[in-house]
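Below is one structure, written out as structure tokens; comments come after it.
The values are calculated or read from the model by the stated rules, or taken from the named source; none is laboratory data. Quantities reported herein were computed from a predicted structural model and do not represent experimental measurements. Heads up, the Cβs are rebuilt from the backbone with ideal geometry, glycines too, and the neighbour counts pull from every protein chain shown. Areas reflect the complete protein model, heavy atoms only, side chains present, ligands, DNA and RNA absent. Shrake-Rupley method; radii C 1.70, N 1.55, O 1.52, S 1.80 Å.
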Amino acid sequence: MLVLNGSPHVNGNTMAMVNAFADGAKEKNHDIQIVHVYRKKISGCLGCEYCHNQNYGVCVQKDDMQELYEALNMAEVLIFASPIYFQNISGPLQSVISRIYALGKPSKLKKCGMLLSSRIDGIYAGITEIHRTTARIMGVEDIGVITSVGDQNAVSERRKEMIESGFASEKINEDRIKEKLNEIREFGRKL
């Protein structure tokens, strides 16, 4: 399984979701590779069509995406993970998704899912549709999108920011957080 983490925060809410997913998947003896795309130098797609017209499946750009192409071609399950920034996934993860175009369908890939975290609810429709379309274009099963919103987010520093910004109440409901992380673990276990 390949998890592409689009968050710049290695100790943030999105990473808490990724860790919960990985824990559940590992319980079922799945191998997990987590790639932090913010640490990679990956440009967006140029739309040059080199990958489809001149050398099928090969991107003309030579950057860190080459590592991801190898990982994508080995994975049977792909999970995109991102915080929501301005009603969208992070820029680096957007670049990665656009560059998957060069491959068409990664050779072994069968399933694709998404983990999203945000401060507020009601902003996932566009991203969910992009995810569904991406899975359809790759010809793989869409295993769904799991979201963590506001006080479901696990990281106390981020919750403090949400409280100060008025996106969450000062009363932290640890049960909601545990419930959300258990849901994500179960998501990992089911694969």
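Scan region 2-48 for residues that are among the polar types (S, T, N, Q) and closer than 23 Å to residue 107 by Cβ and jot them down.
The initial filter retains those residues of region 2-48 that are among the polar types (S, T, N, Q), namely 5, 7, 11, 13-14, 19, 29, 33, 43.
Hits for region 2-48 are 5, 29, 33.
Show the residue pairs meeting these rules: Cβ distance below 7 Å; 6+ apart or different chains; first residue within region 167-191 and closer than 22 Å to residue 122 by Cα; second residue modelled with pLDDT under 90 and among the polar types (S, T, N, Q).
176/152; 177/152; 180/148; 180/152
When you look at residue 36, is it out of contact with any Lys or Arg (no Cβ under 6 Å at 6 or more places or on another chain) and either hydroxyl-bearing (Ser, Thr, Tyr) or modelled with pLDDT of 95 or more (or both), yes or no? Quick ask: steps written out before the conclusion?
Numbers: out of contact with any Lys or Arg (no Cβ under 6 Å at 6 or more places or on another chain): yes; either hydroxyl-bearing (Ser, Thr, Tyr) or modelled with pLDDT of 95 or more (or both): yes.
Considered against the rule, which asks whether it is out of contact with any Lys or Arg (no Cβ under 6 Å at 6 or more places or on another chain) and either hydroxyl-bearing (Ser, Thr, Tyr) or modelled with pLDDT of 95 or more (or both), residue 36 comes out as yes.
What number of residues within region 146-191 are open to solvent by less than 30 Å² (accessible area, probe 1.4 Å), modelled with pLDDT under 85 and either part of a helix (DSSP H, G or I) or charged (D, E, K, R) (or both)?
Number satisfying all stated conditions: 4.
Scan region 133-145 and report the pairs whose first residue is in a helix (DSSP H, G or I) and whose second residue is modelled with pLDDT under 90 and of a type in the set (D, E, K, R), with Cβ atoms within less than 7 Å and a gap of 6+ or a chain change.
The qualifying pairs are 138/105.
Considering every residue within region 12-35, establish whether at least one is within 15 Å of the chain's Cα centre (by Cα), touching a residue at least 60 places away in the same chain (Cβ under 8 Å) and part of a loop (DSSP other than H, G, I, E, B).
yes
Tally time: how many residues in region 86-125 are part of a strand (DSSP E or B) and surrounded by fewer than 20 Cβ atoms within 10 Å (Cβ to Cβ)? Can you show your working first?
Step one: of region 86-125, the residues part of a strand (DSSP E or B) are 88, 111-118.
Now narrow it down to the ones that are surrounded by fewer than 20 Cβ atoms within 10 Å (Cβ to Cβ): 88, 111.
So the answer is 2.
Just need a number here: residues in region 39-85 that are touching an Asp or Glu at 6+ places or on another chain (Cβ under 7 Å) and either assigned to a helix (DSSP H, G or I) or of a type outside the set (D, E, K, R) (or both).
So the answer is 2.
Among the listed residues 45, 59, 51, identify the single one that is open to solvent by 60 Å² or more (accessible area, probe 1.4 Å), in contact (Cβ under 8 Å) with a residue 24 or more places away in the chain and either among the small types (Gly, Ala, Ser) or over 20 Å from residue 187 (Cα atoms) (or both).
Just one listed residue meets the conditions, 45.
Could you tell me which numbered condition residue 76 fails, if it satisfies all but one of (1) open to solvent by 40 Å² or more (accessible area, probe 1.4 Å); (2) of a type outside the set (Gly, Ala, Ser); (3) more than 26 Å from residue 143 (Cα to Cα)?
Condition (3) is where residue 76 drops out.
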